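For reference, the structure is listed below as structure tokens.
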Amino acid sequence: ELSWDAINIDFQVHTNWTDGQCTVAQILDRAMELELSALTFTEHARYTSDYYPDFFAEVDECAAERPEITVYRGFEIKILDRSGKLDISPEMRACADLVIASVHSLPTSDGGRAMAREFARDEAARLEFELARGMLERQTADVLSHAGGMSLRTFGASPDDYMEELVSLAARTGVVFEINSSYHSDSLETLLPILDRFDPKVSISSDVHRLD
């Protein structure tokens, strides 16, 4: 029952305000060329980030000049621990249209953090799953971003049973599950039937950092 406009969207986009290579205006012009119906700017941020008022002001200004596309403002935020705690301040949360949460590093036994490559494959997958599950259980963000992404990038796969549990939990809690073309493109044949079976709300994103 979905319309074309409902899925012709991109709800994770990065600019040169953080680790992207393009300006807000360049991204919006490209989105209009592609005839997207809606787009969300989701820059990386942390609890201590202070750049976002100026960033949001630029987004608002550029969006006002391009009324043909619906534009939202948000953040991509790290999941810090198994409780689903996010690296975001209440002030940031209050002013964002959309907060997407992702696992970008894993907790170590000494209280630090490390990349997936520093762990055995099964351990990395389990830790990544536990952090994502904690966020879904406590509903600390609007969207779970690139589920299994660290395992997919580092080891080429994420266990199907973990993905099934995350999709099922997203459906039960109402947290949106992101279909991320940057991370999930090689696993869509497995992922799409899981999404079809549990039918969560979904967000579609490119996770774009460059115009190409």
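Values computed for the structure shown
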{"read-out": "Calculated [θ] (222 nm, deg cm²/dmol) that DSSP helices of n ≥ 4 give over the chain, each run adding -39,500 (n - 2.57)", "value": "-12000 deg cm²/dmol"}
{"read-out": "Most mobile of L136, L127, L188 in a GNM of the chain (Cα contacts under 10 Å)", "value": "L188"}
{"read-out": "Three-way shape label, the range 1-139, alpha-carbon gyration tensor, a/c 1.5", "value": "prolate"}
{"read-out": "Normalised contact order of the range 123-212, rounded percent, pairs of Cα under 8 Å and 6 or more residues apart", "value": "30"}
{"read-out": "Cα-based Rg of the range 66-210 normalised by 2.2 N^0.38 Å, two decimals", "value": "1.02"}
{"read-out": "Qualifying chymotrypsin sites (Phe, Trp or Tyr not before Pro) in the range 42-131, DSSP loop, other Cβ atoms within 10 Å at most 16", "value": "Y47, Y51"}
{"read-out": "Highest-fluctuation residue, E76, E178, E130 considered, GNM on the chain with Cα pairs under 10 Å", "value": "E130"}
{"read-out": "Choice from P53, P107, P200 showing the highest fluctuation, given a GNM over the chain with Cα pairs closer than 10 Å", "value": "P53"}
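All of the numbers you see were taken from the coordinates with simple rules; none came from a lab. Being a predicted model, the structure only gives us computed values, none of them experimental. Here the Cβ is made from the backbone with ideal geometry for all residues, glycine too, and neighbour counts use every protein chain on show.
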